[in-house]
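Student: Encoded as structure tokens, here's the structure I'll be asking about.
Nothing in this text is a laboratory measurement; each read-out follows from the coordinates by a stated rule. Remember, it's a predicted structure, so these values are computed and weren't measured experimentally. Cβ sites come from the backbone with ideal geometry, for glycine too, and all protein chains shown count toward neighbours.
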Amino acid sequence: MKRLFGTDGIRGVAGEFPLDAATVRMIGTSLSRQFEAKLGRAPRFVIGRDTRESGSWLEEAIASGASAAGAKCESAGVITTPGVAYLTAKLGFDAGIVISASHNPYQDNGIKVFLPDGRKLDDVTERAIESDIAAGIGAGTSVVESKESSEHLAEYQADYIEHLRAGVPGLSLVGRKIVIDCANGAASHLAPELFASLGAEVVAIHNEPNGVNINEDCGSTHIDDLREAVVVHRADLGIAFDGDADRALFVDENGEIVDGDATLWIIARKLHNNGTLKAEKVIATVMSNIGLQKALDSIRVELVRTDVGDKYVLAELLNSGASIGGEQSGHIIFPEIGLVGDGMMTALLLLEAVGDRTLTEAIEGFTQYPQTLVNVKVAKKVPFEELPDVVAAKGEIERELHGEGRLLLRYSGTENLARVMIEGKDQSEIERMAHRLAEVIKLSLEQ
């Protein structure tokens, strides 16, 4: 059986295997069976979804399969991924199920499952579900009414909003004008309400989802509309969410992008100054800009890098006891608040750290270094240290950077690509370096 679970649950084109209705019902049945075997009783699940047109029937399908196997399911309706994770823990559900494909286009969808502690399903349970699907467990079960309850839907969403407000007690946004790009996604009705309730003058854009416009030229992956809106409305800043609002990127008062690295710097410095930055460390990935490392070095805070992926960031956060970690994409995790990145919570904590300053003033001390990335198609992934010419070229470039840049060489985890990433002070210079090393890799792997 081909593995269905990736690093972020099951994802694919809605209506096609494994996200066709019949298979999704089997997933619900298997999920219920796996939890009942562990708990010794029928499990309770809460289900939330983003705004894709496929979301409602996928929710019905997984609830139908789970109900057929005895699970009790409740709907949280259209809500953010971190909202589902919060409700799972707060209200004692055995698992939270999210129907979303995050920043992907509307044709895609996905299923991810959170445990009450905020962690995702363990590998053993994922493999067991895949085995059940391969064996056709639940395939012969007739479609049943899901018995999914939605009577507490408004209550659940209000509870989540209050949880966000409680995360920054005393925060007032009175006098602040904020443009919010909701990506026509799960934050469309929640984010404007949240920020307005704290006193902000809110200009909401891309907050009218129709089932097919989620992430379409908007949100954190398409930020130009937000940049323009901030300037046109003379706003203090802009916030861009992705489809399920587990990440947030920002735009300063001049329309300039403030990414996840800059966000880590602003919040970490505030925690450091307050004496509340645990372990005096910030966790980021190997892709984080060297500018973040240099900024943190200036205040004697250590930057710890992990492999690319929020699961690696989370693992190191828990291992080190650090207070904050994240990625350039704006997926930031605060383990003392929750183990799931929450774009709206990130935005509130950033605004708290900025205080009465402008975002430009708050970012002072952080300089984004130019970065270039070159991909090289490869037929095989030979360890780079086994390629003498590559080792020599890499060493030569690192010497040329004189400690004022960074070179990262890695293979893609999903494609037959070698990735050459270089950061330095001069864009044209690092581009020449990257292409030079890419050519050496290409020639070395042709031999």
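Student: Given the DSSP H assignment, sum -39500 (n - 2.57) over each helix run of at least 4 residues in the chain and divide by its residue total; what's the result at 222 nm in deg cm²/dmol, nearest 500?
Tutor: On the way: 14 runs with 170 residues, N = 447.
One gets -12000 deg cm²/dmol as the mean residue ellipticity at 222 nm.
Student: Quick one: of the DSSP bridges fully inside segment 10-153, what percent are antiparallel, nearest 5?
Tutor: On the way: 9 of 21 bridges.
DSSP beta bridges in segment 10-153 are roughly 45 percent antiparallel.
Student: Using only the Cα atoms of segment 150-238, build the gyration tensor, take square roots of its eigenvalues as a ≥ b ≥ c, and label the shape rounded, prolate or oblate: rounded if a/c is under 1.5, else prolate if a/b is larger than b/c, else oblate. Walk me through the numbers on the way to the answer.
Tutor: Numbers: a/c = 2.62, a/b = 1.14, b/c = 2.30.
Cα axes put segment 150-238 in the oblate bin.
Student: Could you give the nm distance between label points at Val124 and Glu385, where each point is 7 Å from its Cα heading toward the beta carbon?
Tutor: 3.3 nm
Student: Be a star and scan segment 344-358 for residues whose amide nitrogen sits under 14 Å from the point 7 Å along the Cα-to-Cβ vector of Ser197.
Tutor: Output list for this probe position: 344-345, 348.
Student: Follow-up. Which ³J(HN,Hα) values, rounded to whole Hz and listed in residue order, are derived for segment 31-41 from phi using the Karplus coefficients 6.51, -1.76 and 1.60 in 6.51 cos²θ - 1.76 cosθ + 1.60 with θ = phi - 60°, glycine and proline given as x?
Tutor: 4, 5, 4, 5, 6, 5, 5, 7, 8, x, 7
Student: How much length, in nm to one decimal, is gained on full extension between Glu36 and Asp297, taken as 0.36 nm per residue of separation minus their Cα-Cα distance? Can you show the working numbers first?
Tutor: Working: separation 261, 0.36 × 261 = 93.96 nm, distance 4.94 nm.
Stretched out fully, the Glu36 to Asp297 stretch lengthens by 89.0 nm.
Student: For segment 12-54, rounded, prolate or oblate, judged on the Cα gyration tensor with a ≥ b ≥ c (square roots of eigenvalues), a/c < 1.5 rounded, else prolate if a/b > b/c? Numbers along the way, then the final one.
Tutor: On the way: a/c = 4.06, a/b = 1.81, b/c = 2.24.
The shape class here is oblate.
Student: Arranged from highest to lowest average of other beta-carbon atoms within 10 Å per residue, in what order do the peptides 99-105, 231-237 appear? If you can, show how the numbers build up before the last one.
Tutor: Working: 99-105: 25.3, 231-237: 17.0.
Packing proxy ranking, top to bottom: 99-105, 231-237.
Student: Among (1) 46; (2) 50; (3) 54, find the value of percent of Cα pairs over 28 Å apart that was calculated from the structure presented, and write down its label.
Tutor: (3)
Student: Could you give the dipole magnitude of segment 10-153 about its Cα centre, charging the beta-carbon of Lys and Arg +1 and that of Asp and Glu -1, in debye to the nearest 20?
Tutor: It works out to roughly 360 debye.
Student: Along the positive direction of the dipole of the chain (beta-carbon charges: Lys, Arg +1; Asp, Glu -1; about the Cα centre), which of Asn207, Gly9, Ile267 reaches farthest?
Tutor: Value: Gly9.
Student: Packing-wise, with mean Cβ within 10 Å as the measure, how do 326-334, 380-388 rank, highest first?
Tutor: Details: 326-334: 24.8, 380-388: 11.6.
Top to bottom by mean Cβ count within 10 Å: 326-334, 380-388.
Student: What is segment 258-362 by shape, rounded, prolate or oblate, if you read a ≥ b ≥ c off the alpha carbon gyration tensor as root eigenvalues and call it rounded for a/c under 1.5, prolate for a/b larger than b/c, and oblate otherwise?
Tutor: On the way: a/c = 1.36, a/b = 1.24, b/c = 1.09.
It comes out rounded by the Cα gyration axes.
Student: Moving on to the next point. Which of the aspartates and glutamates could a cross-linker span from Lys442 if the Cα-Cα distance has to be under 16 Å and same-chain partners fewer than 8 positions apart are dropped?
Tutor: Glu385, Glu386, Asp389, Glu415
Student: If the cut-off is 29 Å between C-alpha atoms, which lysines fall inside it for Lys90, apart from same-chain ones fewer than 8 positions away?
Tutor: Output for Lys90: Lys38, Lys72, Lys112, Lys120, Lys147, Lys270, Lys278, Lys281, Lys311.
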